[in-house]
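A.B. asks: Please find one structure pasted underneath; my questions will follow.
The values are calculated or read from the model by the stated rules, or taken from the named source; none is laboratory data. From a predicted model like this one, the values you see are computed outputs, not experimental measurements. Ideal geometry is used to build each Cβ from the backbone, glycine not excepted, and the neighbour counts take in all protein chains shown.
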Amino acid sequence: MVAEHTDAPSKRAKVQATPQQPRIFQPYRAIGYVTNDLPFVIHSKGQQYFLTTCVGLNYQIYNVAKMNLLFVGPQTKKPITAIASSGNLTFTACGNDVIVFKRSKEVDQFDENACLVLPLIFAPLHLCTFAPTTKVSRITNQDPYTIFHLTVFGSHVIALCDDNTLKMWNYTTGELYTELEFDESFTVSTLLHPSTYLNKVLIGSLQGVMQIWNVRTSTLVYTFNSVGSPITSLMQSPVVDVVAIGLLDGNIQIHNIKVDQVIMMVKQEDRVTATSFRTDGQHIMASANMHGDIALWDLDKRKLVHVMKGAHDGLIPSIQFLNGQPILISSGADNSVKQWLFDSLDGLPRLLKWRGGHHAPPHKIRYYGDDGRFILSTARDRSMRAFSTVRDSQRSLSKKSKLLNLKVDDLKLPQVTYFSASKAKQKDWDNILTCHLNETAARTWSYQRKALGKHVLASKDQSQIKVVAISTCGNFGIIGSAAGGIDMFNMQSGLHRHTKAVTGLATDNLNRTLISGSIDATIRIWDFQSARLIHSIQLPSSVTSIIFQHESDLLGVASDDLCIRIIDVETQKIVREFWGHMNRVTDMTFSPDGRWIISSSLDSTIRTWDLPSGNLVDSFKVDSVATSVTFSPTGDFLATAHVDNVGICLWANRTQFENVSLRSIGDDEIASVKLPTASGMGDEEADAYHHLAHQTPDDGEVTDLLGTSEISEQLTEKMITLSLLPRSKWQNLLSLDTIKKRNKPKEAPKAPEKAPFFLPTLPGVDPKFVAAENAVNFAQSKIVQLGALRPQTEFKNLLKESHEKRDYTAFFNYLESLNPSAIDFEIRSMSLEDDLSELQYFLEALESQLKTRRKFELVQAYLNVFLNVHGDLIVANPGSLQPRLEAILQTHRHEFERLSEQIHYGLCLIGFARNG
């Protein structure tokens, strides 16, 4: 059967063609990323230094002096493979493309398809005879290549590619300037532009051979003998013609390239990844290796001075001394950047500043406090950290290590398997409790001091601690052991035991009950004070984790049978069962209002279950398994940790800023979403969300009002709406006297030496000089007209015209255009003649606007100023103004009663739904 072909596709066909997206949670951004295994770039601007690091699909720019984040580059389509910078420009290599950014905006992009423009001095292709190991050509129809090194060369940028070619672009025009293709006997590995060497670059190879090339003429200048090992790094020394050559076998050769002579040779442990020289008068060289160590060499004495063992946990891709300063900056594949200060008498460095995150994926995250600003996380790198979701800051709660001949990880406690925190007593005593892998004791931590606490809480049965909890009040710490024991500290009470390991602990707000779950498939509720077992609930399968919602007294239980059960602690009954996950549930979290429970699983899905209806209302699949989820106490973000990502992903709750239909969905509607990056979601996701927000609603979905092209000021006449003006337009009006008093000058302003006192001004709010042709007549007149004392401003003219037309739209539009000082001046300047007619018109305008139920806050502000200014006139003339004021008061009462009725109705409906 041949399907009918129509020109206009159906609405359902459009919806099916649109990529599915989560209904509730939208990718926002990722936190906790600082750098990866790519070398950083430092450039100066005046007296300031700026550090650019790569974090996968984004780059980040830091101020070196404060180590604060300045810019996050936009997300690229491919992972960044090399970076370089010059002034305000940042160059990123993404595969075979070079993208140019200015601050955080893309300004240009070029690749091998750019037109090859040879300089005028170039001869024809016979120039290749001067370069027997290279040829100038334009690559077409070849396999894709990847750029692994970038260097800024004046107004050009040079790239080394893994197809053994060198390409140079003019980044001001985007044109390919030259291209060098090397043969198999010379495999390029690194590149350096030696100081004072005009148009020349020094290229190192995996064969241990170096070559000097003139990139302007594409000619080979000189070839050095092999150094016997692959060259991994090249660094210019403070001395002209002298460079440091780092080798794969750990040797570092100080070489004079002008005379081709080896000055000295030193050797470190394993491969040399980076070198740098001090330029503050001290003849010190630093070298780094792939194990996280930094070696310091005295060039005068030609010996090793010190080894910074474990400066980083893993490969160090780059180190660099700041020009003229005793500060060394290093970055590591451990997701950290550190500054080392050389200010001691023995010449050894100390850690000055650092920025870092987890260098292993976090496996447990929880929001800390009720403001939703901080997230506590633990990871496989045996550290606990606090990340800010508002400002770019992160702190480590793990024990600080000193410069010993041990790696940082060797000084840490075993991996944290579970933790609990309470903000109630953070200023009084330790408020974080952790249990560790294969440890029989839990440890306390102080969030206030960011350090290990004073107490070690051991289990009485001497078995491994599996789970911990801190009471809501912060006074009690509870631990559950693998043998089934539960110990509560500060009371030292021995509780009843499960038959198997305890997998979850929770307490209520008032410390009346303690809830525990176990792999013996039971949920037990204990009396907190007497340690008496109140009730036991037998479940069909072992309990893997529990989570308690304090406001609704609901307990979420994840079991081995892949079911999530909701238990009402008050009635001790199972009220909901949620089936759908295809693999073990890794974590759960309640929404702040207790309406949803969000769960993550090894099936790579994150699902949102609606408790009142018992339906699955949102589900999306990610490319990396989520190991932990936590919901912000303010309800704005969902945070997730993933199995192969060292950062924490934030997902925006769309229900807080647009209408979302919470209908039940099936497994065929599960969306596939990419994880957010440091700069937020990518362009593809943004386009998909934009398209989804504007498509025609189907199956009874609510229309996305924020996605329409026109925004209505008032959806219905029954609604009380506010204006779209900034809050300062009416808030400053209410506090104008205070603002004027605060801004009052300390001394009187001085008049100019030649003030144009003879120029008259026109009346009105904004003083203006009289035109030249009228100035003479005005100055000669000795009689001031009475009308000049009562100028007819636009405010008064519009007020009178609106009164005659019974339409005050134009009048209020004019008021919105005035600043608070002008509005205050106009209200004070209203005429008192004609039985206070202008005051009556103004009150009539306010009453008319109130009846439209629009711009409610503006009317209140204008009325407040009017009553403060003309209150004495209202009392002295009750017959003229009192009827208008009573009408306004009656309108206020009517609207308040109507709004109050709707609010009470909504509260009753919510209470009925919760009790039902």
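A.B. asks: As an exercise: evaluate Asn88 against (1) surrounded by fewer than 17 Cβ atoms within 10 Å (Cβ to Cβ); (2) farther than 30 Å from Tyr145 by Cβ and give the number of the one condition it does not meet.
C.D. replies: (2)
A.B. asks: Here's another thing I want to ask about it. Test Tyr368 against the criterion of being more than 26 Å from Asp37 (Cβ to Cβ), at pLDDT 90 or above and touching a Cys at 6+ places or on another chain (Cβ under 7 Å), and give yes or no.
C.D. replies: No.
A.B. asks: Filter region 167-222 for residues that are in contact (Cβ under 8 Å) with a residue 40 or more places away in the chain, over 16 Å from Thr151 (Cα atoms), touching a strand residue (DSSP E or B) at 6+ places or on another chain (Cβ under 8 Å) and of a type in the set (Ser, Thr, Tyr) and give the result.
C.D. replies: Ser218, Thr219 - these are the residues of region 167-222 that are in contact (Cβ under 8 Å) with a residue 40 or more places away in the chain, over 16 Å from Thr151 (Cα atoms), touching a strand residue (DSSP E or B) at 6+ places or on another chain (Cβ under 8 Å) and of a type in the set (Ser, Thr, Tyr).
A.B. asks: Something else: Please verify whether Leu345 is in a loop (DSSP other than H, G, I, E, B), among the aliphatic types (A, V, I, L, M) and without any contact (Cβ under 8 Å) to a residue 12 or more places away in the chain, treating the condition exactly as stated.
C.D. replies: yes
A.B. asks: Restricting attention to region 861-872, does a residue exist that is of a type in the set (Asp, Glu), closer than 29 Å to Pro726 by Cβ and not in a loop (DSSP other than H, G, I, E, B)?
C.D. replies: Checked region 861-872: no residue is of a type in the set (Asp, Glu), closer than 29 Å to Pro726 by Cβ and not in a loop (DSSP other than H, G, I, E, B).
A.B. asks: In region 414-457, which residues are among the aliphatic types (A, V, I, L, M) and surrounded by fewer than 16 Cβ atoms within 10 Å (Cβ to Cβ)?
C.D. replies: Selection gives Ala424, Leu437, Ala441, Ala451, Val456.
A.B. asks: Looking only at region 307-358, filter to residues that are of a type in the set (Lys, Arg) and more than 29 Å from the chain's Cα centre (by Cα); which one of those is surrounded by the fewest Cβ atoms within 10 Å (Cβ to Cβ)?
C.D. replies: Arg350
A.B. asks: Counting only residues that are in contact (Cβ under 8 Å) with a residue 60 or more places away in the chain and not charged (D, E, K, R), how many does region 820-836 have?
C.D. replies: Looking only at that region, the number is 4.
Yes/no per residue for (1) outside any helix (DSSP H, G or I); (2) within 23 Å of Leu889 (Cα to Cα); (3) of a type outside the set (A, V, I, L, M); (4) modelled with pLDDT under 85:
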{"residue": "Gly764", "(1), (2), (3), (4)": "yes, no, yes, yes"}
{"residue": "Phe778", "(1), (2), (3), (4)": "no, no, yes, yes"}
{"residue": "Phe795", "(1), (2), (3), (4)": "no, no, yes, yes"}
{"residue": "Ser802", "(1), (2), (3), (4)": "no, yes, yes, yes"}
{"residue": "Leu815", "(1), (2), (3), (4)": "no, yes, no, yes"}
{"residue": "Met830", "(1), (2), (3), (4)": "yes, yes, no, yes"}
{"residue": "Leu839", "(1), (2), (3), (4)": "no, yes, no, yes"}
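A.B. asks: Let me ask something else about it. Tell me, which strands (runs of 3 or more DSSP E) lie completely within region 527-639 with 2 or more residues that are surrounded by 22 or more Cβ atoms within 10 Å (Cβ to Cβ)?
C.D. replies: The strands (runs of 3 or more DSSP E) meeting that bar are 543-549, 554-559, 564-568, 585-590, 596-601, 605-610, 615-622, 626-631.
A.B. asks: Within region 513-535, how many residues turn out to be small (Gly, Ala, Ser) and over 30 Å from Arg584 (Cα atoms)?
C.D. replies: So the count comes out to 2.
A.B. asks: Turning to a different aspect of this structure: From the set of residues in region 428-446 that are out of contact with any Phe, Trp or Tyr (no Cβ under 7 Å at 6 or more places or on another chain) and not in a strand (DSSP E or B), which is farthest from Ile479 (Cα to Cα)?
C.D. replies: Asp428
A.B. asks: Please specify each residue of region 803-823 satisfying the condition of being under 21 Å from Glu847 (Cβ atoms) and over 40 Å from the mean Cα position of the chain (by Cα).
C.D. replies: His803, Glu804, Lys805, Arg806, Asp807, Tyr808, Thr809, Ala810, Phe811, Phe812, Tyr814, Ile823
A.B. asks: Can you give me the number of residues within region 183-213 that are touching a Leu at 6+ places or on another chain (Cβ under 8 Å) and outside any loop (DSSP other than H, G, I, E, B)?
C.D. replies: Matching residues across region 183-213 total 13.
A.B. asks: If the requirement is being assigned by TED's automatic domain parsing to the domain that holds Asp560, in a strand (DSSP E or B) and in contact with a His (Cβ under 9 Å, 6 or more places away or on another chain), which of these qualifies: Gly504, Gly517?
C.D. replies: Gly517
A.B. asks: Related question: Among (1) of a type in the set (Ser, Thr, Tyr); (2) touching a strand residue (DSSP E or B) at 6+ places or on another chain (Cβ under 7 Å); (3) in contact (Cβ under 8 Å) with a residue 24 or more places away in the chain, where does Ser604 come up short?
C.D. replies: Unmet for Ser604, out of (1) of a type in the set (Ser, Thr, Tyr); (2) touching a strand residue (DSSP E or B) at 6+ places or on another chain (Cβ under 7 Å); (3) in contact (Cβ under 8 Å) with a residue 24 or more places away in the chain: (3).
A.B. asks: Quick one: in region 359-393, which of the residues that are outside any strand (DSSP E or B) and within 16 Å of the chain's Cα centre (by Cα) is nearest to Leu70 (Cα to Cα)?
C.D. replies: Checked region 359-393; the qualifying residue nearest to Leu70 (Cα to Cα) is Asp392.
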